[in-house]
Amino acid sequence: MSDDLELHDFDGVTRLFPLPNFVMFPHVVKPLHIFEERYRQMTRDALDSDSLLTIVLLKPHSEEEYAGEPEIHDTACLVRIINDQRLPDGKFNILVRGLCRLRIEAEIPTSKLYRIAQGWPMPDTAHPDSPSLRRALADGVRRWVPAQGQAIKQLQELLDDAPPLGSLVDILSFALPLAPELKQELLEELDIETRARKLIDALREGPEELPMPRERPKFPPDFSVN
């Protein structure tokens with residue numbers, strides 16, 4: 001088992017990176033551009049220590065509230081910075097890998113520009129692998145991607161790799177252009193079978209019937225199954 005999965009260097013205190021309309025999942029790799037001063041400080045501190053951050057979805061808020069400390073959800077994703085590029089103007093390009101779900105217990109007062117919290121990893125509730133759920137996921141996702149082109153090829157490669165069911169559901173939940181509220185619901189679900197069934201139900205409704213984010217992201221985005 002890798003150090004990332006063991007989280008041997010995580011002591012329960014985490015740097016918070018709250019983002020609007022973005023839900024991070026375990027098993028996913030995501031590039032991020034860090035430009036706000038508070039998050040530049042957060043990135044520097046992370047790179048100087050354990051390279052860990054927690055990405056958490058902001059609750060609905062006004063533009064004025066964003067500059068302060070708007071409310072956040074209490075289920076988030078602990079990530080590790082696996083690559084970084086420090087730019088001449090002090091900004092960063094970083095690559096993060098989602099490690100696990102994390103329950104935010106309480107925020108900790110700090111003199112830092114960014115927010116800090118106490119939180120603990122939340123393990124999945126595992127079940128024996130379910131070929132029927134895998135088939136239903138594959139059938140559902142095919143309704144969401146073009147029949148030709150790179151997307152369907154990448155989808156087939158993912159299915160052929162046969163990652164664990166929990167990893168597969170997380171990757172698909174991240175990659176598909178679902179509403180952030182639905183993604184957050186899937187992130188909060190610890191039971192793998194229940195999570196898979198919730199995603200299957202959403203996929204059966206079809207992309208034209210579900211509330212969509214303002215911008216439809218590329219499918220699939222760059223991702224990794226660890």
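Here, each number is a calculation from the coordinates, and none is a lab measurement. Not measured: the values here are computed from a predicted model. Because the Cβ atoms are built from the backbone with ideal geometry, glycine has one as well, and the counts that use them run over all protein chains shown.
Here are some notes:
- Assuming charge only on the beta carbon of Lys and Arg (+1) and of Asp and Glu (-1), the dipole of the range 3-122 about its Cα centre is about 300 debye to the nearest 20.
- The range 120-195: C-alpha gyration tensor shape, a/c 1.5 cut-off, then a/b vs b/c: oblate
- Cα gyration tensor shape for the range 3-122, rounded if a/c is under 1.5, else prolate or oblate: rounded
- Length-normalised contact order for the range 3-122 - Cα pairs under 8 Å, 6+ apart - percent: 33 percent
- Peptides ranked, highest mean first, by Cβ atoms within 10 Å: ranges 87-95, 151-159, 74-82, 191-199: 74-82, 191-199, 151-159, 87-95
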